[in-house]
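Enquirer: Encoded as structure tokens, here's the structure I'll be asking about.
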Amino acid sequence: IGKHLSSMKTGERKTVAIPYYWDKDRGTKEKSIYRLGSIGLVEDYTIDYNKNQFVVEICKKTDDGYIKALQEYVGRYKTEEYIENIPYEVASEEGNGIIEKAVCFLIRFVYDEIERKRRRALQNIAEVARSSSNGEDIRRALLDYLESSPFTGPLQEILRKIDPKQWWEILNILEDNDDVDTARQLLGGCRRFLESSPDHPGLLLLSGVGNLAIKFPNLDVGFSAIKTGLKELLKNGYSELENVGSELVLRVARIMAPKPNRAEVMTLLGETVLDVIPTRRIAREVYNYCPEKARLVILNEIADGIKKFNDRFIGVKR
């Protein structure tokens, strides 16, 4: 395909034949053709079994055209924020020219997604096994995973972008329907959608809350999911991370209010949020739940402030 592109003009289409020599070779080449289709270079193809060849329609695009096609493909699986960052990710890939770089990004993305989804599926199985004491518990967890619930539509909606307001609306459902089934349905829905979007921060946070709110809570799994969700926001450079941490603490405090283990949960939640967001504001807001850790964060921030002052004014050489 490369030799044809070099003689084509932008926007020009051409049909080319690509031979294959045995079944394994056909499978390997078809995967490559499909990937080139994901970046917009291949627009269509058929297989001529009589001649043992692919008949491929290619189109030469601008660099932006290939990036746009790649964004459309990845957009089926990832949030708007992730899609917006693709041009920078592609530019940092190894390769000569936009096509090689885009293909390198695509291969890494596909295999990373497969690995994360498999890992998430195994994690779901392990969580159900640990939290179920008998066959009935497993059956109920499976139904919560498969069946539609009040959370199904809202959870599907949040996959498109990172919008904490949507997450809080979902927790409103949990707050307004404080019964055994509601928290379990939330957790089952999160498990289901996490298999397709295992690094979505909203799903991770909501699954964490679900694990805390069910009848027999799984605190280790719950707080691990919450910490991972906050770290995903941090990794993505989300600018209102403090607001998310603050609102999360308030929401969980209300959800846990009638539960006997509220004090333990809120202590662990405060410590978990401070691990990721060690700021004075968060420390003040969780002080009543985990005073020792909150006090340490506040003192560290004061010490950093004093050091910066000394470095700037006292340590200046004249």
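Enquirer: How would you rank I306, I158, I298, going from fewest to most other Cβ atoms within 10 Å of each one's own Cβ?
Expert: I306, I298, I158
Enquirer: Which FRET efficiency, nearest 0.05, do E175 and V110 yield, Cβ-Cβ r, R0 35 Å? All intermediate terms of the calculation are to be shown ahead of the outcome.
Expert: Numbers: r = 39 Å, r/R0 = 1.11.
So the FRET efficiency works out to roughly 0.35.
Enquirer: Which pairs in the list K61/K161; K9/K78; K29/K51; K29/K101 are over 21 Å apart, alpha-carbon to alpha-carbon?
Expert: K61/K161; K9/K78
Enquirer: To the nearest 10 degrees, how steeply does helix 219-235 sit against the main Cα axis of the chain, on a 0 to 90 scale?
Expert: Rounded to the nearest ten degrees, it is 60.
Enquirer: Hey, what angle do you get for helix 135-146 against the long axis of the chain, alpha-carbon based, 0 to 90 degrees rounded to 10?
Expert: Result, in degrees: 60.
Enquirer: Taking Cα pairs under 8 Å and at least six residues apart, what relative contact order does region 194-318 come out at, in percent?
Expert: 18 percent
Enquirer: In Å, what Rg and Dmax follow from the Cα atoms of region 1-109?
Expert: Here Rg and the maximum Cα pair distance are 14.5, 46 Å.
Enquirer: Any idea what the relative contact order of the chain is, in percent, if you count C-alpha pairs under 8 Å spaced at least 6 apart?
Expert: RCO, the chain: 10 percent.
Enquirer: Please return the longest stretch of the chain lacking exposed loop sites, where chymotrypsin sites (Phe, Trp or Tyr not before Pro) count only if DSSP places them in a loop and at most 13 other Cβ atoms lie within 10 Å.
Expert: In the chain, the maximal stretch lacking such sites is 50-318.
Enquirer: Right, another one. For the chain, what is the charge dipole size about the Cα centre, in debye to the nearest 20, if Lys and Arg each add +1 at the Cβ and Asp and Glu each add -1 at the Cβ?
Expert: 820 debye
Enquirer: Quick check: the distance between the Cα centres of region 1-72 and region 256-318, to the nearest angstrom?
Expert: About 55 Å separates the Cα centre of region 1-72 from the one of region 256-318.
Enquirer: Can you tell me the length gained on complete extension of the stretch Q156 to D44, counting 0.36 nm per residue apart and subtracting the Cα distance?
Expert: Between Q156 and D44, full extension yields an extra 37.3 nm.
Enquirer: Further, regarding this structure: What ranking of I314, I255 emerges when the number of other C-beta atoms within 10 Å of each C-beta is taken as an exposure proxy, fewest first?
Expert: On the way: I314 7, I255 20.
The fewest-first ordering by Cβ neighbours comes to I314, I255.
Enquirer: Moving to a separate point now. Report the GluC sites (Glu not before Pro) located in region 237-318 that are in a DSSP loop and have at most 12 other Cβ atoms inside 10 Å of their Cβ, or state none. Show your work: numbers first, answer last.
Expert: Details: sites: E240, E242, E247, E264, E271, E285, E292, E301; in loops: E240.
Filter output for region 237-318: E240.
Enquirer: Restricting attention to region 1-53, which GluC sites (Glu not before Pro) occupy a DSSP loop and are surrounded by at most 16 other Cβ atoms within 10 Å?
Expert: Here the sparse-neighbourhood loop sites are E12.
Enquirer: May I pose another question? Between the alpha-carbon centers of region 179-193 and region 220-241, tell me the distance in whole angstrom.
Expert: What the calculation gives is 20 Å, centre to centre.
Enquirer: On to the next question. Quote the Stokes-Einstein diffusion coefficient, in whole µm² s⁻¹, for region 168-318, based on the Kirkwood radius over alpha carbon pairs, a temperature of 37 °C and a viscosity of 0.692 mPa s.
Expert: 200 µm²/s
Enquirer: Follow-up question, since we're still on this one. Going by alpha carbons, how many degrees (0 to 90, nearest 10) lie between the helix axis of 180-194 and the longest principal axis of the chain?
Expert: Around 30 degrees separate the two axes.
Enquirer: Right, another one. Specify which residue in the list V221, Y82, N310 is farthest towards the positive end of the charge dipole of the chain, using unit charges on the beta carbon of Lys, Arg (+1) and Asp, Glu (-1), about the Cα centre.
Expert: Selected residue: N310.
Enquirer: With a ≥ b ≥ c the root eigenvalues of the C-alpha gyration tensor of the chain, is it rounded (a/c under 1.5), prolate (a/b larger than b/c) or oblate?
Expert: Working: a/c = 3.09, a/b = 1.54, b/c = 2.00.
It comes out oblate by the Cα gyration axes.
Enquirer: Filter the trypsin sites (Lys or Arg not before Pro) in region 1-48 down to the DSSP loop ones having no more than 13 other Cβ atoms within 10 Å, then list what survives. Working shown, then result.
Expert: Values: sites: K3, K9, R13, K14, K24, R26, K29, K31, R35; in loops: K9.
Passing both the DSSP loop test and the Cβ count: K9.
Enquirer: Taking region 179-318, how many lysine pairs are there with alpha carbons less than 30 Å apart, if each pair must be eight or more places apart or span two chains?
Expert: So the count of such lysine pairs works out to 21.
Enquirer: How big is the charge dipole of region 2-111 about its Cα centre, in debye rounded to the nearest 20, if each Lys and Arg gets +1 on its Cβ and each Asp and Glu gets -1 on its Cβ? Can you show the working numbers first?
Expert: On the way: 17 positive and 18 negative charges, 88 e Å.
Here the size comes out at about 420 debye.
No lab work stands behind these numbers, since they all come straight from the coordinates. Every value quoted in this text rests on a predicted model; they were computed, and no experiment measured them. Cβ: placed from backbone, ideal geometry, glycine included. Neighbour counts: every protein chain shown.
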